[in-house]
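Each remark here refers to the structure printed beneath this line.
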Amino acid sequence: TQFQRVRTTAYTHTESDHRCHGCQTALGTTLRCGAVSSAAADWSRWPMGTVFRILENGQMCEVDDIGWALSGRNTLDIYKPTRAEMNQWGARTVNIEIVRWGSDEESLAILRTRMKHRHVHRMVKDLEKRVAANKRNQPAITIAASAEVPGRGLEPLSPSRKPFADFFIGKTDADERR
């Protein structure tokens with residue numbers, strides 16, 4: 001289980017930049033608000049299919065949408081069915097628990113068909129790096145520790161940094177003294 005503190009905003013299908021999509025997500029499914037609500041995100045940070053719980057209210061959400069204003073940001077956009085509910089939510093920094101991570105590969109496959117959009121191009125580039133690194137079994141990027149720092153996002157790991165567990169595998173204090 002992973003916990004994160006992130007900035008959230010809300011959106012609705014009647015906003016001017018969403019009207020052309022109606023009640024449809026980026027996956028072509030219907031936007032949801034209920035036991036599990038739809039959420040939009042930068043899929044290079046929270047891949048499509050990621051399920052998370054907002055700890056402050058217990059609301060479960062699944063990332064099934066994208067938004068041009070979310071690319072490169074540590075922000076999750078929660079779907080609300082009315083403008084009043086959207087406005088009531090506003091912008092909040094909340095604690096979330098990742099219940100299930102989505103698939104980088106599936107996100108990449110969908111986004112590659114939409115490369116004409118600049119925000120999608122950025123997500124594809126970041127996802128391609130992470131997928132390539134996963135194939136080499138090395139972490140390529142990490143999510144910024146604080147969502148409250150605007151513009152802060154995925155940062156490359158230094159090549160000299162090894163995963164924490166690598167320092168301890170097969171080594172004991174006696175080995176260190178030799």
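One line per residue, one yes/no per condition, for (1) of a type in the set (Asp, Glu); (2) surrounded by 19 or more Cβ atoms within 10 Å (Cβ to Cβ); (3) modelled with pLDDT under 85:
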{"position": "CYS61", "(1), (2), (3)": "no, yes, no"}
{"position": "GLU85", "(1), (2), (3)": "yes, no, no"}
{"position": "ARG92", "(1), (2), (3)": "no, no, no"}
{"position": "TRP101", "(1), (2), (3)": "no, no, no"}
{"position": "LYS116", "(1), (2), (3)": "no, no, yes"}
{"position": "ALA140", "(1), (2), (3)": "no, no, yes"}
Exercise. Collect the residues in the range 63-74 that are crowded, with 18+ Cβ neighbours inside 10 Å and either in contact with a helix residue (DSSP H, G or I) (Cβ under 7 Å, 6 or more places away or on another chain) or aliphatic (A, V, I, L, M) (or both), keeping them in residue-number order.
Key: VAL63, ILE66, LEU70, SER71
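On the given criteria, is GLU56 in contact with a strand residue (DSSP E or B) (Cβ under 7 Å, 6 or more places away or on another chain), open to solvent by less than 50 Å² (accessible area, probe 1.4 Å) and closer than 16 Å to GLN2 by Cα?
Details: in contact with a strand residue (DSSP E or B) (Cβ under 7 Å, 6 or more places away or on another chain): yes; open to solvent by less than 50 Å² (accessible area, probe 1.4 Å): no; closer than 16 Å to GLN2 by Cα: yes.
No: the conditions fail for GLU56.
Looking at ARG19, ARG7 in this structure, which one is farther than 26 Å from ASP126 by Cβ and either open to solvent by 50 Å² or more (accessible area, probe 1.4 Å) or at pLDDT below 90 (or both)? Steps first, please.
Numbers: ARG7 fails: farther than 26 Å from ASP126 by Cβ.
Only one candidate qualifies: ARG19.
Could we say that ASP77 is open to solvent by less than 80 Å² (accessible area, probe 1.4 Å), at pLDDT 80 or above, acidic (Asp, Glu) and touching a Gly at 6+ places or on another chain (Cβ under 8 Å) here? Lay out the reasoning, then the answer.
Details: open to solvent by less than 80 Å² (accessible area, probe 1.4 Å): yes; at pLDDT 80 or above: yes; acidic (Asp, Glu): yes; touching a Gly at 6+ places or on another chain (Cβ under 8 Å): yes.
Against the criterion (open to solvent by less than 80 Å² (accessible area, probe 1.4 Å), at pLDDT 80 or above, acidic (Asp, Glu) and touching a Gly at 6+ places or on another chain (Cβ under 8 Å)), ASP77 qualifies.
The values are calculated or read from the model by the stated rules, or taken from the named source; none is laboratory data. It should be emphasised that the depicted structure is a prediction, and the values quoted were computed from it without experimental measurement. As a convention, Cβ positions derive from the backbone with ideal geometry for all residues, glycine included, and neighbour counts pool all protein chains shown. For the accessible areas, the whole protein counts, side chains as well, though only heavy atoms, and no ligand, DNA or RNA atoms are used. Shrake-Rupley method; radii C 1.70, N 1.55, O 1.52, S 1.80 Å.
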